[in-house]
1. Remind me, relative contact order of the range 51-283 in percent, using alpha carbon pairs under 8 angstrom and six or more residues apart?
2. What is the Cα centroid distance between the range 209-285 and the range 46-117, reported in whole angstrom?
3. Which whole-number percentage describes the relative contact order of the range 55-118, with Cα contacts under 8 Å and a sequence gap of 6 or more?
4. Going down the list K203/K275; K203/K259; K61/K259; K81/K224; K81/K203; K224/K275, which pairs span over 26 Å between their C-alpha atoms?
5. Work out from phi, with θ = phi - 60° and the Karplus expression 6.51 cos²θ - 1.76 cosθ + 1.60, the ³J(HN,Hα) of each residue of the range 79-86, listed in order in whole Hz, and give x for Gly and Pro.
6. Output the relative contact order of the range 176-259, whole-number percent, from Cα pairs under 8 angstrom with separation of 6+ residues.
7. What's the Kirkwood radius of the range 51-283 in Å, using all Cα pairs?
8. How many nm is it between the label spots at D264 and H71, if each spot is 7 Å from the Cα in line with the beta carbon?
Amino acid sequence: MSEQQPRFYKIMLMILPVGVVVGTIVFMFMYFYMEREDERNHAVIASYGMRLDDLDDMVGKFTDRIGQRGHTTEQGRGGLKQTAATIEGRLGPQNVGYPVKKGEGEAIDGLLWKSLWVDLTGTSEPDQVVLAAVSYAGAGEVADGNALSTMMMLASSMAREKPAKTIRFVFLPLNQSPEQQNRWLRDRCVGAGETCIGIVGLKTMTAAPQAGGEDWEVVAPSEKDQLWWRYLSAAGTVPDQEEVSVWISSSVFSSQAWKDRRSDRLQRTLKEAKKIENWLRRAAK
C-alpha cells in the first residue's frame, strides 16, 4: 500500500494540470460559442422585422386573429388590448430588446388608452427627438394591419443603428386626423427637456390611388412641413426647423388597392419600408 500511494499521487499530479488545461479550453470554447450564438440571435432579432414571412405573420395576426381594433364595441376594445400586448411582446426586452414605455393616456368610456413607444436613442443629441408614429387602432383590414406592422418592422430593423438624434417609434391608440395626432404626440410623447424636431407619421390611404399618380400620399400642410418633406425624400440641405411634420401613405396601405394580391402587397411593402427607413435616418442625422 505504501508504494501504491506515492504512485497514485504522482499520477494525480500529472493528471490535474491536464484537467485544468482541458477544462480551460472547454470553458473558453463554450464562452465564445455562447457569445457568437448571442450575437447571431441578436442580429436575427434586430433584422427580423424586414423579413417577408415575419411581415405576413404580423399582418395576419392583426387582421385574421385580432381583427377590429376600436373603442366603440367590445370586440374592438378587446382588439386594442391584444394589439397593445402584441406590440409590447414583439418589441420588448425578450425579443428585440427595447424597453417599452407608455405615455399619458385618454379616458374613453371609462377606459384609459395609452400610447406605447420605444426609443432608438441618439448618440450625440439624444434630447432632439424624431417621432415616427402610427395608430394601432384600425378596422381590422389588411391595409391598416400593414401600416402598423410596417412601423413595427422599422423599429425592429433599425434597433442596432446609432443615429445622432433619438428616433421614437410611437404607437397611438386613436385613429385621428394628422393634426390631432400631432397634438397628441407633442403633448403626451415628448418629455421634459426634450425637443420634438419632427414627426414622420404613417397612415392608411384615404382613397384608391389614381393610375399614374404619385407613389406617396403626403400630408404636409405648411410650407416648412413641405420643405422638410423634400429634404427627407430627396437630396438637399436640412432645413433649420423644429416641430415639422409629414404624414405619409402608399397604395400598400390602401384597402382599395392590391385586392386579392396579398403576397404582392407584402413584397411591395418591404420596398416601401426601406424608403421610410432612409427618410428616418435623414431626419435623425
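Just so you know, all these numbers are worked out from the coordinates, no wet-lab data involved. Just so you know, these numbers come straight off a predicted model, no measurement behind them. Virtual Cβ from ideal backbone geometry, glycine too; neighbours counted across all protein chains shown.
1. Values: 414 pairs, mean separation 47.8, N = 233.
Contact order relative to length: 21 percent.
2. Result: 23 Å between the Cα centres.
3. Answer for the range 55-118 is 19 percent.
4. Where the Cα-Cα span goes over 26 Å, the pairs concerned are K81/K224.
5. x, 5, 5, 5, 5, 4, 5, 5
6. 41 percent
7. 17.8 Å
8. 3.8 nm
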